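*Asks:* Just passing along the structure, written as structure tokens.
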Amino acid sequence: MVERALPVVQTAGLCKTFRDFWRRPRVEAVKDLNLEIHPGEVFGLLGPNGSGKTTTIKMLLGLLYPTSGRISLFGKAPTDVAVKARIGFLPEESYLYRFLVAHETLDYYGRLFRLPSRIRRDRSERLLDMVGLRHEARRPVGEYSKGMARRIGLAQALINDPEFLILDEPTSGLDPIGARQIKDVIRELGNKGKTILLSSHVLADVEDVCDRVTILYGGQQRAAGDISDLLCQRDVTQITTPPLSEETMVELKALIRRLEQRDVLSVSHPRVKLEDFFLRIVEEAQAANIRTSGARRGGQVPEFLQKPTETATHDVVESLVEASSRKTQPLTPLEPPPRRARPEPSREVLDELLGRKDTPILRGPPPMGDLEPVPPPADHSNIKKAADRSVIDDLLGGDGRKKHEK
Amino acid sequence: MSRIWAVARQMIAEGIRMKIALVFLVLIGAVVLGLPFSVAGDSSLTGAVQSFMSYGLSATGFLLGLLTIFMSRSLSDELVHRQIFLVMTKPIQRWQYVVGKWLGITVLNAVFLSCAGLTIYGMVHYIKRTHPPIDERYDEAELNNEVLVARHALPAKLPNFMQDAELEYDRNVEEGMYTDVPGFKPDIEKKRLAKKHESRWRVVGPRDRRIFEFENILWDRTHKNTIQIRYKTEVSQYPPDEIFRAVWRFGDPYKGTPVYDAPVRHVVGRFHTIRVPADAVAEDHTLLAHFYNQNPFEGERQFNNVMEFRASDGVEVLFIVGSFEWNLVRLLILMMCKLVFLAAVSVLMVTVFSFPVACLTAFTVYILAAAGSFLGDALDLESVDFASMFSSAKEFLVQSIMHAYNLLQWIIPDFGRFDAVETFVNGRNVSLVWVLQATTELVLVKSLIVLGLAVLLFHRREVAEVSF
């Protein structure tokens, strides 16, 4: 009999009640939660706002103490320093020191892990490379855009090469490229045996990367299991085959019609979208009148917000788009485009973090795979679309300008 | 230690980059560098230097006290802006974090205080060089001998007034003076008599003299060395020119020392210092000083009448035991001890309260500590009469208040006991014993107790729980 490895996270009857000044119970954020996360798993923690996800994570990290129940991480208490040395944490927002530059930020956290100076410096540079911020490493973090700060947040979570990574809303505030990068990192780390706890509202992300999920509502566990099991519809059948000829298809359908007495358009086990499943769970919970201190289904937009704005931004955009569309020549930027965070994760750093030594270092632009270069648009309507986008980007500040947002 | 230092370093970086510390540094610089041009003292060189050092050091201490309180905002900010979520999920113990914050404030204070000390030292020499002299030779000698030195002071030995009082009391009892006095209390009567004897002793009538005896003058008795006698007298009626005439005689011929006479014409009601050759001190390290109230006639006018050496002023012998520089260092250490305690209090407060409340509370503690002895005297809660004013029902409450006050008084030190600025400015020795007392009480005992409490409270605190 194979002995099962000790779970990385184990909770039993975990409860958290927030109390008011007079110690009267105010909110039951988590109720009787039993979780087990095993080594090497990518585990998703799902739930609507206020369902207790972040409270659970904070209890796992020792930032909140359970009202009752038990938590163990690597078989020890979450406040144990030896346990913390094995954990990386990316909070839902990047709580960084605004006055430190990126290098100093990573160096500070590295010092808390007692990493030697050389390793701190080396890892900082590699992680900044990975998150595409090496060229901005000397700017105070307070000047970063939200997305850039999230990237530094991810870098600090990985500075200690953690065995267990807790990611709370990792893709929030990130552009699609950054979000994709985070997912790539999660996948890569997961493939290499790291244990990851992912809490997210972006269900597609969770579906993409998680092995198992649990769904919370009102602080209680409503569903849990393997993604494939949870999303599998067993009342229909899906057969996946290589491409079939028309004749075979006709014969197959005829055969099924003859045997089953019904028409069949496809032979498959279709999966519902995780989003649908998630919403169903939430609706069921709401139908069962389960109490929650979090947000519920939203109502209508208040009347005062439904009034049309006097100078609608939309009109300005439209007029500018119209003006730009009159130009027949393709637009060329007058200034160099703002520098963007490098989209691709540095495989070198990932490999280093994962202990893979002999991977060749990627230089230059990332490989394009099977994609073919797209020829320039032949007609002016396509140019107009491109112009539309650039004008809108300009008006909205563009990605490059986001870094100035506070 | 590396984790504690990491937190401390981060705290220092924050103080400098968020400009809180820089603002205070500029303020201290402005005060220290600007004072010599705005404070003149009594127009003498000594007065100018003393005024500058007094205001400069006091202002530095006060501003650094405020800086200490404001710097604790760092911990509060980390709780409010949640940077602590990242720090506390790293392998650092909570006590290391709290101690790191305290260390950061302390190091910053030490650096700033050293800078202020160096600037003050430099400015003293600047004033010495540039101040317009009244009497060039005398001014500089006075400054060098009475201010820019570390002098040890010994008060004159007082007669045993209580012994005299008891003798008189016994005589009075034999004469039956107290037989019919209602509510008579012997102890109070004896104290009254002792006070009467002391008052008489402190007064020197016309043509009268008073002998002051000093002991334990452990000083090189060679003739080239000097000791100083510092005194102040009041007169019952001011002479028209406000100057008294007297003669001091130093030395004890019965112990084989030379005798030195010093006729003086000094201003009434001000401290004066007379320099006496050190060989007037006897081999047994005692010095005898006679004060003659000459009460001379000048023309038809008689000047002095009754002269008085008040208990609050005293008569002292002073001798140099160290340099001005090391005295300044010891003074700065004393000031630092207070800041160390205040840093611990500030850190404690932010572990419990949000910053505005913590700031106010820490500032209150600062004020209580600074005005400790004054408040103690003003409130006089320890007086028995105060408690007996109340009925027994209320006495419990009064007693409770007194116990709470006593506890508070024990925890919150009296900074006045360790305020050495006046001592330093008067060229007195800020003794090593004093420094050790301050270090022990303020740093090793009270700061550690307060810091321990801060660690305990912070350990119990759920850092992710919202508090107001």
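*Asks:* Restricting the search to segment A:84-95, which residues are more than 8 Å from every other protein chain (Cβ to nearest Cβ) and either under 13 Å from B:LEU86 (Cα atoms) or more than 24 Å from the chain's Cα centre (by Cα) (or both)?
*Replies:* A:GLY88, A:LEU90, A:GLU92, A:SER94
*Asks:* Okay, moving on. In this structure, is B:ILE229 over 12 Å from B:HIS290 (Cα atoms) and touching a residue at least 12 places away in the same chain (Cβ under 8 Å)? Step through it out loud before you land on a result.
*Replies:* Working: over 12 Å from B:HIS290 (Cα atoms): no; touching a residue at least 12 places away in the same chain (Cβ under 8 Å): yes.
It is false that B:ILE229 is over 12 Å from B:HIS290 (Cα atoms) and touching a residue at least 12 places away in the same chain (Cβ under 8 Å).
*Asks:* Looking at segment B:392-416 only, could you name the residues that are free of Cβ contacts under 8 Å to residues at least 60 places away in the same chain, under 11 Å from the mean Cα position of the chain (by Cα) and closer than 19 Å to B:ALA343 by Cβ?
*Replies:* As a first pass, look at segment B:392-416 and keep what is free of Cβ contacts under 8 Å to residues at least 60 places away in the same chain: B:392-412, B:414, B:416.
Subsequent filtering for residues that are under 11 Å from the mean Cα position of the chain (by Cα) retains B:414, B:416.
Result: B:ASP414, single match.
*Asks:* Shifting gears a bit: In this structure, is A:LEU45 buried (at least 22 other Cβ atoms within 10 Å of the Cβ) and either at pLDDT below 90 or more than 9 Å from chain B (Cβ to nearest Cβ) (or both)?
*Replies:* yes
*Asks:* Let me ask something else. When you look at A:ASP80, is it among the acidic types (Asp, Glu), within 14 Å of chain B (Cβ to nearest Cβ), more than 24 Å from the chain's Cα centre (by Cα) and under 30 Å from A:GLY219 (Cα atoms), yes or no?
*Replies:* Working: among the acidic types (Asp, Glu): yes; within 14 Å of chain B (Cβ to nearest Cβ): yes; more than 24 Å from the chain's Cα centre (by Cα): yes; under 30 Å from A:GLY219 (Cα atoms): yes.
Criteria met by A:ASP80.
*Asks:* Let me ask something else about it. Can you tell me which residues in segment B:169-214 are of a type in the set (Ser, Thr, Tyr) and in contact with a Phe, Trp or Tyr (Cβ under 8 Å, 6 or more places away or on another chain)?
*Replies:* Here is the first cut: in segment B:169-214, the ones of a type in the set (Ser, Thr, Tyr) are B:169, B:178-179, B:199.
Of everything in segment B:169-214, just one residue is of a type in the set (Ser, Thr, Tyr) and in contact with a Phe, Trp or Tyr (Cβ under 8 Å, 6 or more places away or on another chain), namely B:TYR178.
*Asks:* For segment B:227-248, give me the residue count where each residue is surrounded by fewer than 17 Cβ atoms within 10 Å (Cβ to Cβ) and out of contact with any Phe, Trp or Tyr (no Cβ under 6 Å at 6 or more places or on another chain).
*Replies:* 8
*Asks:* Quick check, is A:LEU165 at negative phi and more than 14 Å from chain B (Cβ to nearest Cβ)? Before the answer, list the steps.
*Replies:* On the way: at negative phi: yes; more than 14 Å from chain B (Cβ to nearest Cβ): no.
No; evaluated as a whole, the condition is false for this residue.
*Asks:* A further question on this structure: Tell me the helices (runs of 4 or more DSSP H) entirely within segment A:94-211 that contain at least 2 residues that are surrounded by fewer than 21 Cβ atoms within 10 Å (Cβ to Cβ) and touching a residue at least 12 places away in the same chain (Cβ under 8 Å).
*Replies:* Passing ranges, in order: A:117-130, A:176-191, A:203-209.
*Asks:* Can you tell me which residue among A:VAL131, A:VAL141 is of a type in the set (A, V, I, L, M) and more than 12 Å from chain B (Cβ to nearest Cβ)?
*Replies:* A:VAL131
*Asks:* With the checklist (1) out of contact with any Phe, Trp or Tyr (no Cβ under 7 Å at 6 or more places or on another chain); (2) β-branched (Val, Ile, Thr); (3) assigned to a helix (DSSP H, G or I) in hand, flag the one item B:VAL321 doesn't pass.
*Replies:* Unmet condition: (3).
*Asks:* For segment A:53-73, how many residues are at positive phi and more than 13 Å from every other protein chain (Cβ to nearest Cβ)?
*Replies:* Filtering segment A:53-73 for residues at positive phi gives A:62, A:69.
Pick out the ones that are also more than 13 Å from every other protein chain (Cβ to nearest Cβ) and you get A:69.
Qualifying residue count, segment A:53-73: 1.
*Asks:* For segment A:39-72, what are the residues that are assigned to a helix (DSSP H, G or I) and either over 20 Å from A:LEU165 (Cα atoms) or of a type outside the set (Lys, Arg) (or both)?
*Replies:* Residues satisfying the conditions are A:THR54, A:THR55, A:THR56, A:ILE57, A:MET59, A:LEU60.
*Asks:* Let me ask something else. Out of segment A:41-85, which residues are among the hydroxyl-bearing types (Ser, Thr, Tyr) and farther than 23 Å from A:ILE290 by Cα?
*Replies:* Within segment A:41-85, A:TYR65, A:SER72, A:THR79 qualify.
*Asks:* Which of the residues belonging to segment B:249-264 are surrounded by 14 or more Cβ atoms within 10 Å (Cβ to Cβ) and part of a loop (DSSP other than H, G, I, E, B)?
*Replies:* Passing the criteria: B:GLY251, B:ASP252, B:THR257.
*Asks:* Okay, next question. Consider segment B:348-384. How many of its residues are in a helix (DSSP H, G or I), at pLDDT below 85 and out of contact with any helix residue (DSSP H, G or I) (no Cβ under 8 Å at 6 or more places or on another chain)?
*Replies:* Number of matching residues: 3.
*Asks:* Tally time: how many residues in segment B:64-123 are among the basic types (Lys, Arg), buried (at least 22 other Cβ atoms within 10 Å of the Cβ) and within 22 Å of B:PRO356 (Cβ to Cβ)?
*Replies:* 1
*Asks:* Would you pick out the residues in segment B:118-145 that are within 21 Å of the chain's Cα centre (by Cα) and over 18 Å from B:ARG330 (Cα atoms)?
*Replies:* B:LEU143, B:ASN145
The values are calculated or read from the model by the stated rules, or taken from the named source; none is laboratory data. Quick caveat, the model's predicted, so the values are computed rather than measured. Backbone-built Cβ (ideal geometry, glycine too); neighbour counts: all protein chains shown.
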